[in-house]
Each structure stands twice: as structure tokens, then as C-alpha cells.
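Just below is one structure, and these are the notes that go with it.
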Amino acid sequence: MPIDHKDWAQRFPEFLVEAETLLAKSEECLSHLQLISNDKDAIDCMLSTLLKLASRAEALALEAISEFSLHIYSLINVTQDHLDLHEQALDALKDCFTLMAWQLELVDQKTGQLSLDGSEQTSLIEALAFQVGQSQFQRPLTSKRLPPLSYSERQA
């Protein structure tokens with residue numbers, strides 16, 4: 001269903017506040033992981049916030065942000081049982097969050113367009129994939145349906 005631009009323009013400022021809050025929460029989890037390596041609660045929190053951010057971005061047809069969040073989520077979630085977020089992996093994750101923050105700022109508030117070439121996203125995802133031991137990482141197929149959020153994830 002196409003997005004009504006008037007409706008989108010009204011919903012975007014609320015999304016932007018929520019997205020920045022979710023990104024800040026993910027960055028807090030990252031800081032926690034820098035202090036306590038591979039803490040499951042911090043990883044779970046980060047996964048939850050990334051999934052929620054992807055869902056909110058998808059609802060506003062912000063595909064670049066939604067897909068980027070999902071790629072990061074997929075890398076961390078797929079390898080969670082054997083996940084080793086060592087210093088270089090955390091640095092790669094931090095770079096991803098930094099780019100995402102820039103992208104949020106660059107979304108045109110009237111049109112919702114984000115003019116960028118995806119090469120920086122791709123290189124950061126590849127770097128993160130390499131650092132978490134997924135050097136053969138395949139970008140997930142874009143799905144228009146995100147997994148449903150559990151009650152605890154919606155509250156994150």
C-alpha cells in the first residue's frame with residue numbers, strides 16, 4: 001500500500017524521535033558490551049532494539065534504514081550461540097550505528113527520500129560479518145514482513 005505523503009510527513013517526526021531513542025539504546029548496549037564482553041542481556045537488548053527500529057522504518061517505507069537494521073540484526077542473531085563480540089567486532093558495530101545515525105539525519109523530512117549509495121552500508125555490513133565470523137555472509141532477502149515483535153520487544 002503506497003504511503004500517503006501527508007500522513008508520512010505527520011508520522012515522520014515521531015518516528016525520528018523513536019528511532020534516535022532506539023539507536024541510543026543500542027549504543028548503550030554496545031557500551032555495556034565493551035565493559036562486559038558478550039553479555040547475553042546486552043546482546044538481547046540490542047537485538048530487540050534493532051528489530052523494533054527496522055519495523056518502525058519499514059512502516060514508513062524507509063527501506064535503507066530498515067534493511068540496514070535487519071542486516072545487523074541478522075548477523076548478531078544468527079551467530080548468537082557462538083557470538084564473540086571482541087573489540088574489533090564491537091568497533092565494526094559502532095561504525096554501523098554511526099552510519100545509521102547519519103542516515104536518520106539525512107532523510108528528507110518532506111519526501112522521506114534518503115539519497116545515498118549503498119556502498120558504505122555494504123562495506124560496513126561486510127566488515128561486521130567478517131568480525132563475527134560470517135565471512136561468507138549473504139545479504140538476507142528483503143522481506144516485506146518482519147518477524148512479529150513479542151510483548152517484551154515492543155516494550156524495549
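The values are calculated or read from the model by the stated rules, or taken from the named source; none is laboratory data. Keep in mind it's a predicted model, so treat the numbers as computed, not measured. Every residue, glycine as well, gets a Cβ built from its backbone with ideal geometry; the counts of neighbours run over all protein chains shown.
For the stretch 44-88, residues that are assigned to a helix (DSSP H, G or I), under 13 Å from the mean Cα position of the chain (by Cα) and not small (Gly, Ala, Ser) total 21.
Screening His32 against (1) surrounded by fewer than 18 Cβ atoms within 10 Å (Cβ to Cβ); (2) in contact with an Asp or Glu (Cβ under 7 Å, 6 or more places away or on another chain); (3) touching a residue at least 60 places away in the same chain (Cβ under 8 Å) leaves a single unmet condition, (3).
Scanning the stretch 31-81 for residues that are of a type in the set (A, V, I, L, M) and more than 20 Å from Phe15 (Cα to Cα) yields Leu33, Leu35, Ile36, Ala42, Ile43, Leu75, Ile76, Val78. Scanning the stretch 106-120 for residues that are more than 17 Å from Ala59 (Cβ to Cβ) and either small (Gly, Ala, Ser) or loosely packed, with under 11 Cβ neighbours inside 10 Å (or both) yields Asp108, Lys110, Ser115, Asp117, Gly118, Ser119. Cys45 fulfils the conditions (1) modelled with pLDDT of 95 or more; (2) closer than 25 Å to Gln113 by Cβ; (3) surrounded by fewer than 21 Cβ atoms within 10 Å (Cβ to Cβ) except for a single criterion, (2).
Scan the stretch 4-18 and tell me whether some residue there is part of a helix (DSSP H, G or I), surrounded by fewer than 20 Cβ atoms within 10 Å (Cβ to Cβ) and polar (S, T, N, Q). The answer is yes; a qualifying residue exists.
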